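Reading through the structure tokens given below for one structure.
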Amino acid sequence: MEAIQAKDYQVVFGENGYSNLNAILKEKNYSILFVLVDSNTHEHCLAPFLQNIVTQTTIEIIEIDPGEEFKNLETCEGVWNVLSELNADRNSALINLGGGVVTDLGGFVACCFKRGIDFINIPTTLLAMVDASVGGKTGVDLGPLKNQIGIISNPELVLVDTHFLGTLSVEELRSGYAEMLKHGLISSEAYWNTVKQAKYTDFESLAELIRQSIAIKNEVVLEDPFEKNRRKSLNYGHTLGHAIESYFMESDQKERLLHGEAIAIGMILANYLSSELCSLPKSECDVISQAILAFYPSVEFTEKDIESIITLLKYDKKNSHGKVLFVLLNRIGEVVLNQEASNELIYNAFEYYKKLKKN
């Protein structure tokens, strides 16, 4: 599969991708290679990955706990301490082998250690392949607040090997698929129609869709690398989606939601807001929302839940001058940025979601 040229790096695929990786390792001649994994990728992905690596450089493995709750500065400090103990220098490199938590946190760790060492992303989840590992965003959460601390810095390479998808549960695959559905909504009706009808468990057909999804995101990032304008479109459904994810992660009474599960709800809520504040026809809003809901389980929200979620909106990264700003749609492929919505409209959006799931 043909590589995608991003800014200052490439996204490469499969066996050819390992050739690119080995060429970089040979050219850079790193002093030490560190591979960051969590306990899941250590067990399921590390051995096959190392079998494809050709290098004389010493390789050290660093393991962190899996899960969004460990994507924090405390985990970073632990990794920085291990790097120091193992004599990492500025000519070391960090290979991040894992999902979005590993690639986000690992990239941030690399950017800060000794004011910056090279890093390479090897995403092992669908979510990381189409979103987290591409675009240069690195960072960690601040308590339950998503991605509050971070920096935009590009890796040396991103290698996508779809064989790793075989290690995932159906729930994890479905979580990543939400980002592909989002790429369809913000890019074109043609891609939306293709991706909404595809099977995310069919890895052979999924491979080309993954490449297309990465290409969509890459085009946006190349135009607006620091999220001043068009790149905000990649946050469709994320303003409320991130708040929902944070609330469910923080609450002892709620079962955790995967990222894509929360973003799917966020997109349905954004659809409703788009029909009220922009030009998205009500009928199209319903069709799009039903298509998204078909992939994901329904979630119950009480009025107290919604109140807490709205409170969390003030921490969203897209906010400006104290205003909560939403990414909305006029129609599929036509995004409207920096839209305000009243709390009343947001409550109505949740009511729309509640009624929609009964159909």
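Tabulated values for the structure
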{"read-out": "Unsatisfied cross-links (Cα-Cα over 25 Å) in the set LYS217/LYS354; LYS7/LYS232; LYS28/LYS146; LYS282/LYS354; LYS228/LYS314; LYS114/LYS314", "value": "LYS217/LYS354; LYS28/LYS146; LYS114/LYS314"}
{"read-out": "Net lengthening on full extension, GLU85/ASN330 (0.36 nm per residue, minus Cα-Cα)", "value": "82.8 nm"}
{"read-out": "For the chain, with +1 on Lys and Arg beta carbons and -1 on Asp and Glu, the positive-most of LEU258, ILE310, ASN87 along the dipole", "value": "ILE310"}
{"read-out": "Relative contact order computed over region 24-84 (Cα-Cα under 8 Å; 6+ residues apart), in percent", "value": "41 percent"}
{"read-out": "Residues with amide H under 5 Å from that of LEU157, placed H, sequence gap 5 or more", "value": "ASN121"}
{"read-out": "Global geometry of region 36-120, whether rounded, prolate or oblate, following the gyration tensor of its Cα atoms and the 1.5 cut on a/c", "value": "oblate"}
{"read-out": "Fraction of accessible area attributable to carbon and sulfur, region 211-359 (%, probe 1.4 Å)", "value": "47 percent"}
{"read-out": "Helix-only CD estimate at 222 nm, as mean residue ellipticity for the chain, using -39500 (n - 2.57) per DSSP H run (n ≥ 4)", "value": "-15000 deg cm²/dmol"}
{"read-out": "Relative contact order (%) - region 124-163, alpha-carbon pairs under 8 angstrom, separation at least six", "value": "37 percent"}
{"read-out": "Whole-percent pair-distance distribution, where bins are 20 Å wide, for the alpha carbons of the chain", "value": "31, 58, 11, 0"}
{"read-out": "Surface per residue (accessible, 1.4 Å probe) for the chain, Å²", "value": "43 Å²"}
{"read-out": "Protein accessible area in region 66-207, 1.4 Å probe - carbon and sulfur %", "value": "47 percent"}
{"read-out": "Relative contact order computed over region 83-186 (Cα-Cα under 8 Å; 6+ residues apart), in percent", "value": "26 percent"}
{"read-out": "Region 1-117, dipole about Cα centre (Lys/Arg Cβ +1, Asp/Glu Cβ -1), debye to the nearest 20", "value": "580 debye"}
{"read-out": "Chymotrypsin sites (Phe, Trp or Tyr not before Pro) lying in DSSP loop within region 208-301, provided at most 10 other Cβ fall within 10 Å", "value": "PHE226"}
{"read-out": "Isotropically averaged projected area of region 207-323, using the convex hull of Cα atoms (one quarter of hull area), nm²", "value": "8.9 nm²"}
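The values are calculated or read from the model by the stated rules, or taken from the named source; none is laboratory data. Just so we're clear, the structure is a prediction, and the values are computed from it rather than from any experiment. For neighbour counting, all protein chains shown are included, and Cβ atoms are generated from backbone atoms with ideal geometry for every residue, glycine included. Accessible surface is based on the protein model in full, side chains and every heavy atom, while ligands, DNA and RNA are left aside. Shrake-Rupley method; radii C 1.70, N 1.55, O 1.52, S 1.80 Å.
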